[in-house]
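Data first, discussion second: the structure below is written as structure tokens.
The values are calculated or read from the model by the stated rules, or taken from the named source; none is laboratory data. Keep in mind it's a predicted model, so treat the numbers as computed, not measured. Note: ideal-geometry Cβ built from the backbone for every residue, glycine included; neighbour counts use all protein chains shown.
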């Protein structure tokens, strides 16, 4: 199986936005990544598109929807970038990781990302230490 890198949303945004705080770290990782593929899941795709069109995330200058799609599409100019469909058994893993007795709204996306990474046998690439501690193979960028 080809090795996979699975960046979370903040890594993708750092790669796309020239003024992003973590851009130097994200670019350094991007340029040195040795995996066979760098993949999007549906959740990361939609989240990147949503944030690119959100004024608060874009310093008051959101992209139009067509511009957001164009920015997303530019990432695929690198042959390593691919969209990966949901792997088998994702649902059970996602439910296992998101079935707390407490209200934990921030866990939903993290649980999905971890489940996706586990069942895709991908390395989750993130700046988020809390996400990295949730059980997937992770690379924490500084």
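For residue 84, the conditions (1) touching a strand residue (DSSP E or B) at 6+ places or on another chain (Cβ under 7 Å); (2) surrounded by fewer than 16 Cβ atoms within 10 Å (Cβ to Cβ) all hold with the exception of (2). Reported count of residues in the range 97-142, each being part of a loop (DSSP other than H, G, I, E, B), free of Cβ contacts under 8 Å to residues at least 24 places away in the same chain and surrounded by 13 or more Cβ atoms within 10 Å (Cβ to Cβ), is 3.
Go through the residues of the range 68-81 one by one and say whether even a single one is in contact (Cβ under 8 Å) with a residue 40 or more places away in the chain, outside any helix (DSSP H, G or I) and over 18 Å from residue 42 (Cβ atoms). Looking for residues that are in contact (Cβ under 8 Å) with a residue 40 or more places away in the chain, outside any helix (DSSP H, G or I) and over 18 Å from residue 42 (Cβ atoms), one finds at least one in the range 68-81, hence yes. Listed conditions (1) part of a loop (DSSP other than H, G, I, E, B); (2) surrounded by 14 or more Cβ atoms within 10 Å (Cβ to Cβ); (3) at pLDDT below 95 are all met by residue 63, apart from (3). Quick check, is residue 40 under 15 Å from residue 6 (Cβ atoms), touching a strand residue (DSSP E or B) at 6+ places or on another chain (Cβ under 6 Å), touching a residue at least 40 places away in the same chain (Cβ under 8 Å) and surrounded by fewer than 17 Cβ atoms within 10 Å (Cβ to Cβ)? Here the answer is no, as residue 40 does not meet what is asked. If we scan the range 22-30, do we find a residue that is more than 23 Å from residue 79 (Cβ to Cβ), outside any helix (DSSP H, G or I), free of Cβ contacts under 8 Å to residues at least 60 places away in the same chain and touching a helix residue (DSSP H, G or I) at 6+ places or on another chain (Cβ under 7 Å)? No, because not a single residue in the range 22-30 is more than 23 Å from residue 79 (Cβ to Cβ), outside any helix (DSSP H, G or I), free of Cβ contacts under 8 Å to residues at least 60 places away in the same chain and touching a helix residue (DSSP H, G or I) at 6+ places or on another chain (Cβ under 7 Å).
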